[in-house]
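Only the coordinates and a few stated rules stand behind these numbers; no lab work does. This one's a predicted model, so the numbers in the text were calculated from it and none came from an experiment. Backbone-built Cβ (ideal geometry, glycine too); neighbour counts: all protein chains shown.
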Amino acid sequence: MIGNILNISIFTSLKIFRQTSAAFYMTVTSSVNIFQLVVGLLSRIMITGYNIDPTKTSSFICKARQFTLITTMLIAFTCMCFAVIDQYLSLTNSWRHFCTVKIASRLVIIAFVVWFLHGITIFLYVDLDLSLGNNQTSCSVINAGYSIYYSRFLFPILLGFLPLIIRIIFGLLAFVNVRRLKKHQTPIVRLEHDKQLTTMVLVEVTVDVLITLPYIIYNHIYSNSVTFYDPISNAQDQLIIAVTRIIFYGNFAIAFYIYFCVSSRFRKQLVYVFVEIHLKRWRERTHRNGTNQIVPQTSDIVQKTDDVN
């Protein structure tokens, strides 16, 4: 969560990022990731670690949690795809005019509307399941048709392979275009900026592949096709599911640390933002407040002196 806040601070503080559509997508992604971690990861820790699960007792919490989790995931992955596609287009002369913050903001609004409308189905088909017996309930899909869509398309495709494939393809294309720019007389500032963003998104894609595939393959392909009758095997299965699920949340938490590790330019920008911008503003504000406090005290002293005279 701290990493996402730092990303937002850097991308909104520097003019070079504020004017870059790819950075705009990355800013939106970081903002959405905060909601994902607050609602998703923290509630998962409470459920798995402390056996506190309000989704089993409240229909509204059950629906709201699933809606927030899935909708924010879809928006985040969509913006990640937009960012890497935008970076490729910005390096192509014939398509560069599409890479503006104005167009990016419109696409983000469309993504929000589409996935919020998609989330209505969650409120319709996800609810408390009372079929377990022994007064036990679970928050799950209660419609057979939607269950097929949920387990065979939503998670493995929309939240799994599709965004990864899109990001890998356009990330590699962007990398090729950056190498071509070196052979042309491209302004140094622009070349360094393009290299920075391309490296950041490409390494992020690589890491996301490594932390997403285990979750998708085991939880939504293997585990759903195998029935465990042995209690020990079932316990091992639940442990693997829990571990891969926690690792999967890295998609929404580690972007800043990837950028920090792979880009020396990003590290310098981080220092500049917090030392030259935020720290300087804080010092100016503190100095201004201190000056405002001293002036009345001086006036009081002058007034008292006049009274004595």
Checking Q269, Q66, Q238 against a Gaussian network model of the chain (alpha-carbon springs below 10 Å), the top fluctuating residue turns out to be Q238
Rounded to the nearest 10 degrees, the helix 231-248 long axis (Cα) sits at an angle to the longest Cα principal axis of the chain of 30 degrees
For percent of Cα pairs over 38 Å apart the list reads [x] 43; [y] 30; [z] 12; the calculated value is entry [y]
The residues C79, C99, sorted from fewest to most surrounding Cβ atoms within 10 Å, come out as C99, C79
Tilt, helix 2-13 to longest principal axis of the chain (alpha-carbon atoms), in degrees rounded to tens, equals 50 degrees
Between S138 and residues 5 or more places away or on another chain, the pairs with built amide H atoms under 5 Å apart involve D129
With Cα coordinates, the longest principal axis of the chain makes an angle with the long axis of helix 188-217, in degrees rounded to 10, of 30 degrees
Inter-part gap, Cα centre of segment 47-66 to Cα centre of segment 263-280, in whole angstrom, is 40 Å
Taking the chain and counting helices only, DSSP H stretches of n ≥ 4 at -39,500 (n - 2.57) each over all residues, the nearest-500 ellipticity at 222 nm comes to -23500 deg cm²/dmol
Ranked from fewest to most other Cβ atoms within 10 Å of their own Cβ, T100, T29 fall in the order T100, T29
Cβ density ranking, 10 Å radius, fewest first, applied to S90, S58 yields S58, S90
Karplus-derived 3J(HN,Hα) from phi for segment 58-69 (6.51 cos²θ - 1.76 cosθ + 1.60, θ = phi - 60°), whole Hz, x at Gly and Pro, runs 10, 5, 5, 5, 4, 5, 5, 5, 5, 4, 5, 4
Mean-square fluctuation maximum in Gaussian network of the chain, Cα pairs under 10 Å, restricted to P163, P231, P54, hits P231
Proximal lysine pairs in the chain, meaning Cα under 18 Å and 8 or more positions apart or interchain, come to 8
Result for the chain, cysteines with no Cys Cβ partner under 4.7 Å, is C79, C81, C99, C261
